[in-house]
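Reviewing the structure listed below.
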Amino acid sequence: MSQSTVKLRQPIVVVLGHVDHGKTTLLDKIRGTAVVKKEPGEMTQEVGASFVPSSVIEKVAEPLRNIIPIKLEIPGLLFIDTPGHELFSNLRKRGGSVADIAILVVDITEGFQRQTTESINILKERKVPFLVAANKIDRIPGWRPLENQPFTISLKSQSQNVQKSLDNYIYKLVMQLAELGFNAERFDRVKDFTKYITIVPVSGKTGEGLPELLALLAGLTQHYLKTRLKIAEGPAKGVVLEVKEEQGLGHTIDVIIYDGILRKNDTIVLGGLNGVIVTKIRNILLPAPLQDMRVTKSGYRAIDEIVAAAGVKISAPGLEEALAGSPLYSVDTEDRLSDVTKTILDELSKVRFSKNDS
Ligand code: GDP
């Protein structure tokens, strides 16, 4: 547990990149690792997102102690389950994005493609810091995979030719990033993480490099985004990922809560097709672990409150016309109600206005 007095929340991580460069495979590998390495009773599955607890990051990064010394102050990392820019565009918030950091996945053998550059432009516009996962290193000719090992260890066991080949590929990425105006380096050669984009060689297939990827995501966010990650105890702020009709629950919304605390019976305000929706939460729901007594018919488990950051399902009356991508606020006073109503209307007008930007 942390010695520090400031409590930090888990950073929200998104995965972007060109089609077929391995976003889904990498996310699956990360989720799989979390499930296998978590402590008994630790939850990893949320709604629309997966939680990788710090205990897991510490376990997988253990062999790296001397290279990336991390003492984690954040409780873990929250990965948005759906990769790609379509969902990312729904993670909008005033002045930026709900995402705290992004992984830009690039197939190391193919280099930058159209959607790689598009992703960078979107990240720049929303001011989201990112690191590059140079993926599919196992496809470098002659690569001998060492399953789930740190890149640093696996690299040492490769032939001189393969090591050289890897560096040529990395150099190409460095050049492509330079063309877009970024300084970039392989993570173990970066001297100043505020000035350089970090490139982490990985394989979503073999799991190589995952220890470094997780350790760097955790280390960089807790070091450089401290102010942003401070836990606020006030009303919840979130964004609607999806609107879904669920059997037995009616219309529900899947929401990423990025700040504050959301409680059962809270009044929430969000955007709808015909203006602002004000409603009272009936249930806050999480996926149910097997054999849980509080499971609803739908396979969800109702909880009393949730602290940011988290992905939850909300059931409440009047959500038929809820809008995906809308901001969501919980309100405790009349004053705040009129304030957030104004904010939401303002935000929605901007979303409609810039619908074609993603
Ligand atoms: P996405 O479109 O970016 O989500 O890409 P996918 O995760 O669906 O991967 C596209 C293809 O590349 C699939 O056939 C994957 O099995 C393969 N793939 C993904 N990651 C790796 C990797 O690290 N190594 C190898 N050899 N293949 C990979």
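We did not get these values from a lab; they are worked out from the coordinates using the rules stated. The structure displayed is predicted, hence computed values, not measured ones. Virtual Cβ from ideal backbone geometry, glycine too; neighbours counted across all protein chains shown.
Expressed in nm to one decimal, what extension gain is obtained for the pair GLU179 and GLU305 from 0.36 nm per residue of sequence separation less their Cα-Cα distance?
Gain on extension, GLU179 to GLU305, equals 40.7 nm.
Once R0 is set to 35 Å, what does the formula 1/(1 + (r/R0)^6) return for the Cβ-Cβ distance between ILE67 and GLU246, expressed as a FRET efficiency to the nearest 0.05?
0.15
Can you give the translational diffusion coefficient of the range 175-268 in µm²/s, computed by Stokes-Einstein from the Kirkwood radius over Cα pairs at 4 °C and 1.567 mPa s?
Answer from the Stokes-Einstein relation: 75 µm²/s.
What FRET efficiency comes out for ASP20 versus LYS164 if R0 is 22 angstrom and r is the Cβ-Cβ distance? Round to the nearest 0.05. List each step's numbers first, then the result.
Details: r = 26 Å, r/R0 = 1.19.
The computed FRET efficiency comes out at 0.25.
Once you place label points 7 Å from the Cα toward the Cβ at GLU233 and ASP192, how far apart are they in nm?
3.9
Is there a quick way to get the dipole size of the chain? I mean about its Cα centre, with the Cβ of Lys and Arg at +1 and of Asp and Glu at -1; what is the value in debye to the nearest 20? Provide the component values of the computation, followed by the final result.
Values: 46 positive and 43 negative charges, 125 e Å.
Here the chain has a charge dipole of around 600 debye.
Please rank LYS93, LYS124, fewest neighbouring Cβ atoms within 10 Å first, as an exposure proxy.
Listed from fewest to most nearby Cβ atoms, that is LYS124, LYS93.
Mind scanning LYS71/LYS127; LYS136/LYS172; LYS244/LYS264; LYS71/LYS230; LYS59/LYS313; LYS59/LYS195 and naming the pairs with a C-alpha gap bigger than 22 Å?
Over 22 Å Cα-Cα: LYS71/LYS127; LYS59/LYS313; LYS59/LYS195.
Tell me which of THR24, LEU78, THR44 sits at the most positive position along the dipole axis of the range 1-96, charges placed on C-beta atoms (Lys, Arg +1; Asp, Glu -1).
Ranked along the dipole, the leading option is LEU78.
Order of LEU328, LEU262 from fewest to most other C-beta atoms within 10 Å?
Ordered by Cβ neighbours within 10 Å, fewest first: LEU328, LEU262.
Along the charge dipole of the chain, which of PRO317, LEU64, LEU104 sits closest to the positive end, that is, farthest toward it, with unit charges on the beta carbon of Lys, Arg, Asp and Glu (+1, +1, -1, -1)?
LEU64
Over the chain, what lengths in whole Å, largest first, do the semi-axes of the equivalent ellipsoid take, defined as the square roots of 5 times the eigenvalues of the alpha-carbon gyration tensor?
Taking √(5λ) for each Cα gyration eigenvalue gives 37, 22, 18 Å.
If R0 is 35 Å, what FRET efficiency do you get for ASN265 and GLU147 from their C-beta distance, rounded to 0.05?
Values: r = 48 Å, r/R0 = 1.37.
The computed FRET efficiency comes out at 0.15.
Report the extension gain between ARG94 and GLU125 in nm, rounded to one decimal, defined as 0.36 nm multiplied by the number of residues separating them, less their alpha carbon distance.
Gain on extension, ARG94 to GLU125, equals 9.9 nm.
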